[in-house]
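Below you'll find the structure, written out as structure tokens, and then a few comments.
The values are calculated or read from the model by the stated rules, or taken from the named source; none is laboratory data. Computed from a predicted model, the values in this text were never measured in an experiment. We place every Cβ from the backbone using ideal geometry, glycine too, and count neighbours over all the protein chains shown. Side chains included, ligands, DNA and RNA excluded: accessible areas come from the protein's heavy atoms. Shrake-Rupley method; radii C 1.70, N 1.55, O 1.52, S 1.80 Å.
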Amino acid sequence: MDKNTMNDPARRASPVPLGWERVRCGRSLAGAQPEGPGPSQNAAMMYPPGPSHSMMAQPPYSNPMPGKPPLPAGPGLYNPGSYQMAPPISSYQGPGHTVLTRPPMGPPQLASSGPPSQNSTPPPMSTGSFHTGAQHPMQPAWLCNAPPAVSTPPGSAPLGNHVAPPPSSVPNQHPVPGYPVRPPPVLHSASTQPPGPLVPPVSSSSYSSSGYNPAPPVAAGPLTSMRPTPPPTGPGGDAPPLVAPMHQQEASQFGKIVNNTAPGDYPLPSHSDDKGKEFETEHPAGPTPPQPGMIGRPMGHSYPSLPPGYQKMGIPPSASPLQSPKPPYNAAHQPYQQPLAGPVQLTPSMAGLSLQSQTPEALRVVNLLQERNILPHGAVPPPTPCLPQDLQKFNCSPEVFRCTLTSIPQTQSLLNKAKLPLGLLLHPFKDLSQLPVVTSSTIVRCRTCRTYINPFVTFLDQKRWKCNLCYRVNDVPEEFMYNPVTRSYGEPHKRPEVQSPTIEFIAPSEYMLRPPQPAVYLFVLDVSHNAVETGYLDVVCQSLLDNLNSLPGDARTKIGFITFDSTIHFYNLQEGLSQPQMLVVSDIEDIFIPTPDSLLVNLSECKEDLLKALPQMFNKTMETHSALGPALQAAYKLLSPTGGRASVFQTQLPTLGAGALKSREDPNQRASAKDIQHLTPATDFYKKLALDCSGQQVAVDLFLLSGQYCDLASLGCISRFSAGSVYYYPSYHHQHNPSQVERFQKDLKRYLTRKIGFEAVMRIRCTKGLSIHTFHGNFFVRSTDLLSLPNVNPDAGFAVQMSIEENLLDMQMVSFQAALLYTSSKGERRIRVHTMCLPVVNSLSDIFAGADVQAITGLLASMAVDRSVTASLCDARDALTNAVIDSLATYRSSVLTIQQAGLLAPSCLRLFPLYILALLKQKAFRTGTSTRLDDRVFAMYQLKYQPLSYLMPMIHPVLYRVDDLTDEGALNINDRTIPQPRVLQLSVEKLSREGAFLMDAGLGIFLWIGRNCSSSFLSQVLGVPNYSAVPQNMTRLPELDTAESVRFRAFIGWLREQRPFYPVLHVIREESQLKPSFMQNMIEDRTESALSYYEFLLHLQQQISK
């Protein structure tokens, strides 16, 4: 088509088969339709002037309520000296011993080497260590440039009690000497620095990554390049650090990315999501096959000095009985029944914080080299914070809000000494069975820190309440005095907001910058020859036809379609056309929207003819190129006026236009023990486009269905920084890989019908003295503590690292609050608030007693992903190993009072070495095993994005024996009996040729059938007469009318219901092609490139005893 034709307003159209009209579009230089961005998203927040919030100007209260008395003096919650029983050993080095050099982990036959650092100042350090210099006390690995602890002067803020005692008879007199009530902080003007963590100014011309760290770095010298000396059994591999090309400089600390982008390089989306008063300016807050005769034989109670053998083994008396999973929402208490406690009720409840004479189970000493059976019978329960009973029943569910330490150290130096990471793991938009929703014209919040009123505030009287984060005294609004639930007046402490740790508000108009936009869904489909060959188009179109009416939204919901190969195809769905009209834009270097008003139409007007015809329209195409970048640019321009969700389906490496990529993977290096290359993006095009999308409230979800390398490290940025999701289906083909097709179908149905929030922002607040310094997940960091989420879905998880900036000496408890402001698919502006309260302790034994091993593992996994990208995979692996060594060494030197031989750990951390070894053998971090680069990157994305409950089976799969299921200890859910078999260790020695074993590995479920498995199980569950009749690629269970079949299928269904994605069942025989995938999950066994669990424990003991 020549230029004259392209500039002609009457564009030429030629008919195509099936009654379609195919129009090839060009850009008109004079008469092209403008592409206005719609309502501005970049309006600056303007706040009306108001009275000062300084309490200095307010008259003193004539009759203040006395505060709660302080706790009795003592070292902590638990007595650390009552549980050591063995005599000390002479070979142990006492407290204060510091391990400065430590070898990395890996295959026994390899060794690493590296040149020593030429820097003499500061002292040299290992690349696997996170100590930034010679300062003492030394910070642990995960505190990357964490700010030093700051002493708090006497008279700092006291605890904001849930309910205060009766008023004192003497006005203005403190009830307890030495425990005065701190005056509320003064709100500074805009020209002064507000109290709180000192953060650098955020430039409007820079961007942040998911590892954004607003805290100032600790002064330290440059990192040295010296590698630790390897042990005789350690692996090696040294490679220069990998630095993302879009960053000028990045720190190699664990989990921290320092952005030094020059002003103007990448514009920071400046659209405001503050929505009025919600986010006002505030203080920054294949092992060796078992030999015949060994299979099925049990093991002994303890480990021998040599590698483990097969001996008699019993069930440990300390094994806890199976515990049923907790409901998704903490509904243990009766709503709205909080009594106004007085001194009589309060004193016994606070006794739970006093010194305990007996050693708690969490601090029971476990010698990991002797105790083999450390796994509980069922799920690992999260620890319960040591809070008074009247407060604990109001705490947020750990399924939603979880902290790595359920006992918060008083100072940063104490946290550094414990060598445990402090952080939060959130699942803020989780589907909840019980969620109180409040509609009120007045949302009660603290006037200083903007905290929402919650169960942990203190009511001084009926007219005043004290904030539990900044301790300011606020007035109770008149409207809040009325309780709509009980229809009573004068009892504000019985309102739903003060009775529920998780609550949702219907936001009034001041929380909006513009009217709520309609739900808009745009589908961007790859229709190149490679895409047509996979057959995915049929699945997508059929799923849309089946679920079109189930898309979340209202009568305003809009939908649109874009297809692409070497050109971009738009579809005119305007009402009045007999058939949808295809508009082809071949100028991919300068994408434009041909008819902006008719490409997104109301859902009720969507032509189903388009979905029925799309798979056949391109079935004979020979176009092999892919212009993904221009297609994404077109989607961005189409959705910019309203925002919305773009669902992109891609099957190959982009080859044309902006964002074109070239293959960077060398298949011959997949099993290399050296460092892994190309974990960083090859171009910053997708990240910059994602930031533009975030600024216009557009999220991009990526579905990658490919049998070849697609450079997920580069493509994934479009979803990571726009708060989207990444779905990956390797080797997808509608005929050759039916299990992937089944998984894709199930995932797509969930994706299309699940709840969604638009134009969302999330802020996490914490008690004064604590600060957040690193975020993990898919989002864009708008400011120091504000996350921009164009879309939020119920399957997304987040993690944050925290530090203690000011000593918490006068505090008994601290609180955390996450507020998520979003627009529902029905057009309502809503705020979901989660609040959690934790005790403050002053001893290492209390810190260890409150350690949450699964939360610690999840947070360390996110940090290790950042370390792999900003430094190297070897550094990340060393850091994970050193995290275990540091914490167990501290426990041994500073918590245990009587030293004894062996590798000792508190009971609450007994699974820590096992989980870290599982991480080292996970696809994201393993070396020496052939792993495709896209598979590795996707595993890293999962570690950063998945909520903890979904993530743990991916890290440490769960193994059951299922050929002898019974109803003993079974759960009864919705009139279904769910058997609960015992959890087994991930070792080949637990397998038996006479049994059947089920492994839940998160994204997949494996059913391993022994060669001599009982014929009753084969016939009554699998529907086959004998072992040889089991199909090789069996993925579905027959629905047989037998008790065994019903019981087994109920168990499989229960496992699948615990996660939003669909794990496919693979039935594996001993000679199956999937057997290596099953065996790679045997974490405790040795492989050619990784140590066994016992060898790993010996390595840890060797390093701790140095």
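Structure values in brief
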{"quantity": "From the options 640, 604, 663, residue that is closer than 26 Å to residue 745 by Cα and hydroxyl-bearing (Ser, Thr, Tyr)", "calculated": "604"}
{"quantity": "Positions within the stretch 808-828 being surrounded by fewer than 21 Cβ atoms within 10 Å (Cβ to Cβ) and either of a type outside the set (Asp, Glu) or touching a helix residue (DSSP H, G or I) at 6+ places or on another chain (Cβ under 7 Å) (or both), in sequence order", "calculated": "809, 812, 824, 825, 826, 827"}
{"quantity": "Residue check for residue 783: under 30 Å from residue 839 (Cα atoms), of a type in the set (Ser, Thr, Tyr) and not in a strand (DSSP E or B)", "calculated": "yes"}
{"quantity": "Selection within the stretch 829-863 - among the polar types (S, T, N, Q), open to solvent by less than 10 Å² (accessible area, probe 1.4 Å) and farther than 23 Å from residue 771 by Cβ", "calculated": "845, 857"}
{"quantity": "Failed item in (1) modelled with pLDDT under 95; (2) crowded, with 17+ Cβ neighbours inside 10 Å, with residue 956 passing the rest", "calculated": "(1)"}
{"quantity": "Long-range neighbours under 6 Å by Cβ, at least six apart or interchain, first residue more than 15 Å from residue 918 (Cβ to Cβ) within the stretch 931-948, second polar (S, T, N, Q) and buried (at least 21 other Cβ atoms within 10 Å of the Cβ)", "calculated": "944/862; 945/778"}
{"quantity": "Residues of the stretch 485-540 that turn out to be open to solvent by 30 Å² or more (accessible area, probe 1.4 Å), part of a loop (DSSP other than H, G, I, E, B), charged (D, E, K, R) and within 30 Å of residue 826 (Cβ to Cβ), as a count", "calculated": "2"}
{"quantity": "Per-region count, the stretch 768-816, residues small (Gly, Ala, Ser) and over 30 Å from residue 755 (Cβ atoms)", "calculated": "3"}
{"quantity": "Cβ-Cβ under 8 Å pairs, at least 6 apart or on other chains, the stretch 980-1007 side β-branched (Val, Ile, Thr), far side part of a strand (DSSP E or B) and open to solvent by less than 10 Å² (accessible area, probe 1.4 Å)", "calculated": "983/959; 1005/998; 1005/999; 1005/1064; 1005/1065"}
{"quantity": "Of all residues making up the stretch 756-780, the number that are part of a strand (DSSP E or B) and on the phi > 0 side of the Ramachandran plot", "calculated": "1"}
{"quantity": "Selection from the stretch 865-875 of residues that are hydrophobic (A, V, I, L, M, F, W, C) and either surrounded by fewer than 24 Cβ atoms within 10 Å (Cβ to Cβ) or modelled with pLDDT under 95 (or both)", "calculated": "869, 871, 873, 874"}
{"quantity": "Any hit, the stretch 582-591, residues being of a type outside the set (Ser, Thr, Tyr), part of a loop (DSSP other than H, G, I, E, B) and within 18 Å of residue 526 (Cβ to Cβ)", "calculated": "yes"}
{"quantity": "Candidate set from the stretch 938-975 (those that are touching a strand residue (DSSP E or B) at 6+ places or on another chain (Cβ under 9 Å) and β-branched (Val, Ile, Thr)); member that is farthest from residue 375 (Cα to Cα)", "calculated": "962"}
{"quantity": "Residues of the stretch 425-439 that turn out to be open to solvent by less than 20 Å² (accessible area, probe 1.4 Å) and over 26 Å from the mean Cα position of the chain (by Cα), as a count", "calculated": "1"}
{"quantity": "Members of the stretch 849-858 that are under 15 Å from residue 913 (Cα atoms) and assigned to a helix (DSSP H, G or I)", "calculated": "853, 854, 855, 856, 857, 858"}
{"quantity": "Cβ-Cβ under 7 Å pairs, at least 6 apart or on other chains, the stretch 592-612 side closer than 17 Å to residue 579 by Cβ and not assigned by the TED database to the domain that holds residue 525, far side modelled with pLDDT of 85 or more and open to solvent by 60 Å² or more (accessible area, probe 1.4 Å)", "calculated": "none"}
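Quick grid of which residues meet (1) of a type in the set (Lys, Arg); (2) modelled with pLDDT of 90 or more:
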| residue | (1), (2) |
| --- | --- |
| 1004 | no, yes |
| 1025 | no, yes |
| 1037 | no, yes |
| 1053 | no, yes |
| 1060 | no, no |
| 1088 | no, no |
| 1100 | no, yes |
| 1106 | yes, no |
